[in-house]
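Below: the structure, in structure tokens.
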Amino acid sequence: LLKAEIALSEKRLDSAIFYGNNALAMAESRAIRCLIARSNIVIGDSYKQKEQFASSLNHYLVALREFELLGELYDEWKVPQKAWVYFMKAYEEKKGISDTLGMKYSLGKAATAFELAGNNQKAIENYQLMLQLIKDDDKQAELTLLRRLALLHIDEKKHTLALAYDLQVLSIYQALKDTPGIIASLNNIGYLYQYLDEKMLALEYFKESLE
């Protein structure tokens, strides 16, 4: 595989494909999934530079499947520190082929793994990326992400940032005329203002939730 990667970096594309296929055959014979994925990426990159896009895509899709499977396995084995690595690799591959739905899935799986591993900041970054991929008409998904971001910022003691997300949640519930959602959001905002020692504002939101 190293020979394939060197050949690719030197633009010796036929050699990169040759060595990549040799590495792939060895990885498949030993069922080494991470090497199967890496070999397919090198081959895919080589075909892409040769403008043989159909062949390139086939190899990228195989690599993607391997990364996703590795992430799922580590997730099942409750090893989040390994799971998020492969979910993020899967995300990068999906990004390369503009698979928006797949990108959201991999980001979400990686975010959950980041949370389980105690890395809230990385989880926040992933959820923020997911927000950018959400369509305007998918308000339920947007609400779920905004509320999750608010809770993570509360965990990080960043209550002002949490408040900004919860205010967005309230705005969406008001636009949807969702009374239970509005009441819950008003209470959440009230508690945040209370924590921020904005007692009058807290009282205002608590009173509004009772009307």
Per DSSP, loop GluC sites (Glu not before Pro) in region 9-60 with at most 11 further Cβ within 10 Å:
Glu10, Glu51
For the chain, calculated [θ]222 nm from helices alone, where every DSSP H run of n ≥ 4 adds -39500 (n - 2.57):
-28000 deg cm²/dmol
Potential lengthening between Asp14 and Gln121 on full extension [0.36 nm per residue; Cα-Cα distance subtracted]
34.3 nm
What is the set of long-range amide H partners of Lys158 at a cut-off below 5 Å, with H atoms built 1.01 Å from backbone N?
none
With Rg from the Cα atoms and Rh as the Kirkwood inverse mean 1/r over Cα pairs, region 61-211 has an Rg/Rh of 1.07
Grab the other residues whose beta carbon is less than 13 angstrom from that of Lys104, score K and R as +1, D and E as -1, and report the net.
+1
Per-selection metrics, region 172-211 (Cα): Rg and Dmax in Å:
10.1, 30
Along each principal axis, Cα extent of region 1-68, largest first, Å
28, 23, 14
Where nothing but the Cβ of Lys and Arg (+1) and of Asp and Glu (-1) is charged, how large is the charge dipole of region 1-133 around its Cα centre, in debye to the nearest 20?
140 debye
Among Ile189, Ile32, Ile17, which one shows the highest mean-square fluctuation when the chain is modelled as a Gaussian network with alpha-carbon springs under 10 Å?
Ile32
Of the cross-linked pairs Lys95/Lys122; Lys157/Lys177; Lys82/Lys104, which ones have a Cα-Cα span greater than 25 Å in the structure shown?
Lys157/Lys177
Carbon-plus-sulfur fraction of the accessible area of the chain, 1.4 Å probe, in percent?
54 percent
Report, in whole Å, the centroid distance computed from the Cα atoms of region 186-211 and region 95-133.
31 Å
Total formal charge among the other residues, if their Cβ is under 12 angstrom from that of Asn126, Lys/Arg +1 and Asp/Glu -1
+2
Under the √(5λ) rule applied to the eigenvalues of the Cα gyration tensor, what semi-axes describe the equivalent ellipsoid of region 1-121? Give them in Å, descending.
28, 16, 11
Please give the residues of region 10-43, grouped as numeric ranges, whose backbone N is less than 16 Å from a label point set 7 Å along the Cα-to-Cβ vector of Glu92.
34-43
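The values are calculated or read from the model by the stated rules, or taken from the named source; none is laboratory data. What you see is a predicted model, and the numbers here were worked out from it, not measured in a lab. When we count neighbours, we look across all protein chains shown, and the Cβ atoms used for this are built from the backbone with ideal geometry, even at glycine. These area figures cover heavy atoms from the full protein model, side chains too; ligands, DNA and RNA do not enter into them. Shrake-Rupley method; radii C 1.70, N 1.55, O 1.52, S 1.80 Å.
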